[in-house]
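S.K.: Can you keep this structure in mind? I'll have questions shortly.
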Amino acid sequence: MASPMLDRVRIIAALAAMAVACQCGGWLAPAPAYARDRLVEIRATFVLSISQDSPSFRDRLFGRDGRDEAPAVARFTSQGGPAFTLDQSGARPLLRFDGSNEIWALRPSAGVRGDVYYRNDVGEVVLRQTRLGGLTLYTRQSPGGLPCAVAGAARPLRMQDHSVTSLFRHMLRETARGGSAMEDRLFIEAQEVSDESAAIVGDAVTVAVDGIVRLAQTQTGHERLNGLREIQIVFGSSPGVSRTGSRLIITVAPRLGPAGRPSSARVMRALMP
């Protein structure tokens, strides 16, 4: 007859084998008859202890709630694509690619299986976040998507500050840049600008010229720019852009911050209806 001490040793050995099999993804052999009854009770205690005290693989990857514990403002790298900063600290998610000055204001929308899609102001999907926290970047070069990884915390995204005086100099530089791309003269006009609205006016001018420069890089786009002579910045309750003859009218809403002016993609669409 086996001693209680020997029974205890055998049961502990069986539990150790079970733990090894669980870690390795293998299957356990049937427990010996003398240990089965005791294993039922001890196994329940063992599993409960593991589930409470040891983080799962999913927890170690995504945190206890199943989501990636990325900072509210973080820099991301994408596999084979551009790096970018994603700022989710405010009312609207903001994104800026490395090497670019443009801040993209994104609009989240719910998708299937708990995914969240982040779109720009022309409806293009820029990011997709799964319910587990995984992030995918979509670009024109990689429409199938690029997996992303957190590279670390980053500073909140802000528009460049301007005073009325510095804005005037900025507009002169952007006039020259846009005219050079178009190979024609370009004028930029903004009226009733204050120190409080100077930042978004300056940002809207830069983004509009960015759209013109990109459009001018193709023959078709360059032809669409024929006859354009002026960019006019006006104020309104929501951002907008339209072309009327030789004039490109950009509407800005200072209270909305970076989301209060149209993106370069929206400017390009207005110039290529």
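The values are calculated or read from the model by the stated rules, or taken from the named source; none is laboratory data. Just so it is clear, the structure is predicted and the values come from calculations on it, not from any experiment. Methodologically, a virtual Cβ is constructed for each residue, glycine included, from the backbone with ideal geometry; neighbour enumeration extends over all protein chains shown. The accessibility values were calculated without ligands, DNA or RNA, using every heavy atom of the protein model including side chains. Shrake-Rupley method; radii C 1.70, N 1.55, O 1.52, S 1.80 Å.
S.K.: Tell me, what % of the accessible area of segment 77-130 is carbon and sulfur with a 1.4 angstrom probe?
M.R.: Answer for segment 77-130 is 48 percent, counting heavy atoms of protein chains only.
S.K.: How big is the charge dipole of segment 147-273 about its Cα centre, in debye rounded to the nearest 20, if each Lys and Arg gets +1 on its Cβ and each Asp and Glu gets -1 on its Cβ?
M.R.: 300 debye
S.K.: Test of understanding: what is the full-extension gain from ASP195 to THR165, defined as 0.36 nm times their sequence separation minus their Cα-Cα distance?
M.R.: Gain in length upon complete extension: 9.9 nm.
S.K.: Another question, then. Taking only protein heavy atoms and a 1.4 Å probe, what accessible area per residue, in Å², does segment 77-208 have with all protein chains in place?
M.R.: Normalised by residue count, the accessible surface of segment 77-208 is 54 Å².
S.K.: Taking amide hydrogens as modeled 1.01 Å from N in the peptide plane, which residues meet the under 5 Å criterion relative to HIS162, leaving out close sequence neighbours?
M.R.: When sequence neighbours closer than 5 places are left aside, the close amide H contacts are ALA199.
S.K.: Any chance you could list P(r) for segment 63-171, counting all Cα-Cα pairs in 10 angstrom bins from zero, rounded to whole %?
M.R.: Values per bin, smallest distances first: 14, 44, 29, 10, 3, 0.
S.K.: Let me ask something else about it. Counting only C-alpha contacts under 8 Å and six or more residues apart, can you give the relative contact order of segment 211-264 as a whole percent?
M.R.: This gives 28 percent for segment 211-264.
S.K.: While we're on this one: Please name whichever of VAL164, GLN191, VAL241 sits farthest to the positive end of the charge dipole of segment 147-249, dipole taken about the Cα centre and charges placed at Cβ: Lys and Arg +1, Asp and Glu -1.
M.R.: The Cα lying farthest towards the positive end belongs to VAL241.
S.K.: Summing Lys, Arg as +1 and Asp, Glu as -1, what charge do residues with Cβ under 10 Å from the Cβ of HIS162 carry, HIS162 excluded?
M.R.: It works out to a net charge of -2.
S.K.: Moving on to the next point. Per residue of segment 125-141, what does 6.51 cos²θ - 1.76 cosθ + 1.60 with θ = phi - 60° give for ³J(HN,Hα)? Whole Hz please, x for Gly and Pro, Karplus curve as stated.
M.R.: Karplus values, whole Hz, x for Gly and Pro: 6, 9, 9, 10, 10, 7, 5, 8, x, x, 10, 10, 9, 10, 10, 5, 6.
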